[in-house]
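**Student:** Just passing along the structure, written as structure tokens.
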Amino acid sequence: MAVAGFKRILVTGGAGFLGAGLCARLVAEGHDVICLDNFFTSQKSNVAHLLAQPNFELIRHDITQPIWLEVDQIYNLACPAAPGHYQYNPIKTMKTSVLGAIHVLGMAKRCRAKVLQASTSEVYGDPEVHPQPESYRGAVNPIGPRACYDEGKRAAETLFFDYHRCHGINIRVVRIFNTYGPGMHPFDGRVVSNFIMQALHGKPLTIYGDGSQTRSFCYLDDLLEGLVRMMNGPDDFVGPVNLGNPREFTILELAQLVLRLTGSSSILEYRPLPADDPAQRRPDITLARQRLGWEPKVPLEEGLARTIEWFRNIDLRRYRPPTPNLTPA
Ligand code: NAD
Ligand code: UDP
């Protein structure tokens, strides 16, 4: 139900993993929420429970095309995020980031809306600075298989800052580090969903490379809290700001934790390391702590236990692999 002070909020990519969680939160807070999605890596059922709410609206639309809406805030999340998905049609991925940014920024300009860009730790590429502060400019291979995503997100950041400087648009840019939790697509090919699916179904856990590469995993609820704080924070703090969990794990450690928490006896199977796979990744979240009073609260073990429970109970017939090059684990 709407409360005093509610806002009209557009969430692009609102049916995806982060988007669906964000929409649910904003609807519960009483805002008037528009979820826009082309369902490339998601499905309507992710937000079906919100459809009966009078303050929720769902639009099937591709953000590479302009759209005319009247809103107060925009969370721009539309973009495939799993490597297998964004590499499936790399030109479309780049278009989604660049044209999507142009369209939401144009809308923000017309409506005087505030607009937040979901950027990524991938703007740091395969980083030579560790952990990564926002001041680090990154080491992205501009012609590699990850470039469609990394460079698309970098170009989107450029557009956000140029609209901010040229037109005074009220922007926010967050750089999201690996996030996991209930609602992930079971066939998205990301490491957390892959390992849990494999462990629960007695299949080998696929370790790419020797498993010594690191990631830092942030639980969904923590990340959403960071997004909302950034959107509603002071106008003189536009970012970019890192949002992620600073505890770092090797992929091998993650596999062992998933095996322990699921009680699975799956074996480990080593596969070649994909090209340009970052060797290490950990956010420096000093800025988010100082300016947003934000830091993650949910430890990996606890977040994984909740995620595993969710994966145990989903009906896999509801999900299709978004791209033909990804087969179910
Ligand atoms: P996701 O794939 O689950 O969600 C993305 C959503 O965008 C999907 O619903 C998809 O159908 C939609 N979409 C894709 N292309 C679109 C288009 N052209 N028009 C309209 N909708 C489109 O991924 P996610 O994990 O929820 O990520 C959401 C955002 O956060 C993405 O922009 C991603 O780059 C960013 N991000 C996520 C992570 C993470 O770990 N989850 C890390 C860094 C950045
Ligand atoms: N990975 C893995 N096995 C899998 C999926 C991924 O070892 O089944 C590795 C991948 O090579 C990378 C890390 O796990 O080093 C994180 O991969 P993910 O696709 O989740 O996200 P990334 O951070 O690479 O975008």
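**Student:** Largest first, what is the accessible-area ranking of H49, H31, H85 with a 1.4 Å probe?
**Tutor:** Ranking H49, H31, H85 by accessible area, largest first, yields H49, H31, H85.
**Student:** May I ask you to compute the full-extension gain from K203 to E70, defined as 0.36 nm times their residue separation minus their alpha-carbon distance, rounded to one decimal in nm?
**Tutor:** 43.1 nm
**Student:** Same structure, new question: Taking loop as defined by DSSP and a crowding limit of 11 other beta carbons within 10 Å, which GluC sites (Glu not before Pro) in the stretch 1-87 fit?
**Tutor:** Qualifying residues, ordered by number: E70.
**Student:** Compute the signed sum of charges (Lys and Arg +1, Asp and Glu -1) over the other residues within less than 11 Å, Cβ to Cβ, of A275.
**Tutor:** In short, -2.
**Student:** Here is a further query. Based solely on its DSSP helices, what 222 nm [θ] is calculated for the chain when runs of n ≥ 4 H residues each add -39,500 (n - 2.57) and the sum is averaged over all residues, nearest 500 deg cm²/dmol?
**Tutor:** Calculated mean residue ellipticity at 222 nm is -11000 deg cm²/dmol.
**Student:** Given the C-alpha centroids of the stretch 32-93 and the stretch 127-164, what is the distance between them in whole angstrom?
**Tutor:** Each part's Cα centre sits 23 Å from the other's.
**Student:** Now, a different point. When the chain is treated as a GNM, springs tying every alpha-carbon pair under 10 Å, which of G21, G209, G152 comes out with the largest mean-square fluctuation?
**Tutor:** G209
**Student:** Grab the other residues whose beta carbon is less than 14 angstrom from that of A78, score K and R as +1, D and E as -1, and report the net.
**Tutor:** Cβ neighbours under 14 Å give a net charge of +2.
**Student:** I've got another one for you. For a bin width of 10 Å, list the pair-distance distribution of the stretch 1-143 built from all Cα-Cα distances, rounded to whole %.
**Tutor:** 12, 38, 32, 15, 3
**Student:** Can you give the local net charge around R60? Use residues other than it whose beta-carbon is closer than 9 angstrom to its beta-carbon, Lys and Arg +1, Asp and Glu -1.
**Tutor:** -1
**Student:** Which trypsin sites (Lys or Arg not before Pro) in the stretch 215-322 pass both tests, a DSSP loop state and at most 15 other beta-carbon atoms within 10 Å?
**Tutor:** On the way: sites: R215, R229, R247, R260, R281, R289, R291, K297, R306, R312, R317, R318; in loops: R247, R281, K297.
Passing both the DSSP loop test and the Cβ count: R247, K297.
**Student:** Where both residues lie in the chain, what percent of DSSP beta bridges are antiparallel, nearest 5?
**Tutor:** 10 percent
**Student:** Follow-up. Within 10 Å of each candidate Cβ there may be at most 14 other Cβ atoms; applying that plus a DSSP loop requirement, which chymotrypsin sites (Phe, Trp or Tyr not before Pro) in the stretch 54-99 survive?
**Tutor:** The qualifying sites are W68.
**Student:** Would you list which lysines come within 25 Å of K7, measuring only between C-alpha atoms, while excluding same-chain residues fewer than 8 positions from it?
**Tutor:** K44, K109, K114
The values are calculated or read from the model by the stated rules, or taken from the named source; none is laboratory data. This one's a predicted model, so the numbers in the text were calculated from it and none came from an experiment. Don't worry about glycine lacking a Cβ; one is built from the backbone with ideal geometry, like all the others, and counts go over all protein chains shown. The protein model used for the area step is the full one, side chains on, heavy atoms only, and it has no ligands, DNA or RNA in it. Shrake-Rupley method; radii C 1.70, N 1.55, O 1.52, S 1.80 Å.
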